[in-house]
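Contents: one structure, followed by commentary.
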């Protein structure tokens, strides 16, 4: 089966699709001046945009791994998450704390979705 | 292809199944008074129960990500794991240390399995 | 659908294949005297070898999770990665810092690939 890749850069692509499943790169905020809620909203928006490019959407997300730079932002992240996630279609999820590649990033989200 | 979701809550579901693959949410202990061996046993029991609900079982696990709050519990977790994991059907696995959302949790396990 | 497992040990296997997708165990360096570049190169070599055993290769990797024991090694890891990763076929990727099971390991890489 063939592999489709979206936004293929020299180091990574933003999304690889194979056999009806989309694997997204860790999505991170672009505007690091935002607080945890704002950064989370931006990251979730990037996920929406990527999924739309292959005809998928947030009701078709299978699993999510959330890395928070500081678990003190857990409630703030969840407030934004809870407003965004579609009721009846919530994905499997795990959240842990981990230091992220850019110290200004508060959150990084890795998504696997059905296409 | 359709997606089946198990124990769908407002924030996440405990398991999403698509195209013959089950993606489980990070499983965590319920009884946080238990030591690392006890918490691991409880988490593995939750995994057994979830897999059984879609006709799968621990011989059909593909990959496992284990997050330990403290790698000092690595040997204790592994003792329980080694007693539980079915010989000849051991999954791909990775274990790292990460601070978990509830400071009383010693272990969180993320499973992908064949259904 | 049947599951194929490679290098099945008592605790884990090095790779499980199901439905056209290969799930690799977290690959770690064997020679811990190596620096971050050398450890990364060794880990990527193990990934090449595992993928070759099921007729896959690095052009068919879907997603990669990189755990670095110290993000100070981010640039060194990336130098080796950038030399290795096939242009036009780069995978989805996420990199975070996490303490690894052996304190001498600088990097652990988890791969999902198409077979």
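Points to keep in mind about this one:
- Among the candidates A:115, A:107, A:96, A:111, residue that is more than 13 Å from the chain's Cα centre (by Cα) and either touching a residue at least 60 places away in the same chain (Cβ under 8 Å) or on the phi > 0 side of the Ramachandran plot (or both): A:115
- Looking across region B:10-37, the residues that are over 11 Å from the mean Cα position of the chain (by Cα) and farther than 30 Å from residue C:19 by Cβ come down to B:10, B:30, B:31, B:32, B:33, B:34, B:35, B:36, B:37.
- Scanning region C:58-76 for residues that are more than 10 Å from every other protein chain (Cβ to nearest Cβ) and touching a helix residue (DSSP H, G or I) at 6+ places or on another chain (Cβ under 8 Å) returns C:58, C:73, C:76.
- At least 3 residues being under 24 Å from residue B:109 (Cβ atoms) is the threshold, and among the strands (runs of 3 or more DSSP E) wholly inside chain A those reaching it are A:21-24, A:61-68, A:92-97, A:107-114.
- Selection of region C:94-115 for residues being over 22 Å from residue A:69 (Cα atoms) and either touching a strand residue (DSSP E or B) at 6+ places or on another chain (Cβ under 7 Å) or at the interface with another protein chain (Cβ under 7 Å from one of its Cβ atoms) (or both) yields C:111, C:112, C:113, C:114, C:115.
- Of the residues B:6, B:17, the single one that is within 10 Å of chain A (Cβ to nearest Cβ), touching a residue at least 40 places away in the same chain (Cβ under 8 Å) and surrounded by fewer than 21 Cβ atoms within 10 Å (Cβ to Cβ) is B:6.
- Only one of the listed residues (C:88, C:55) is at positive phi, more than 7 Å from chain A (Cβ to nearest Cβ) and surrounded by fewer than 21 Cβ atoms within 10 Å (Cβ to Cβ). That residue is C:55.
- Qualifying positions in region B:58-73 - surrounded by fewer than 16 Cβ atoms within 10 Å (Cβ to Cβ) and under 15 Å from the mean Cα position of the chain (by Cα): none
Just so you know, all these numbers are worked out from the coordinates, no wet-lab data involved. As the structure is a computational prediction, the values presented were derived from the model and not from experiment. Here Cβ is always computed from backbone atoms with ideal geometry, including for glycine, and neighbour counts include all displayed protein chains.
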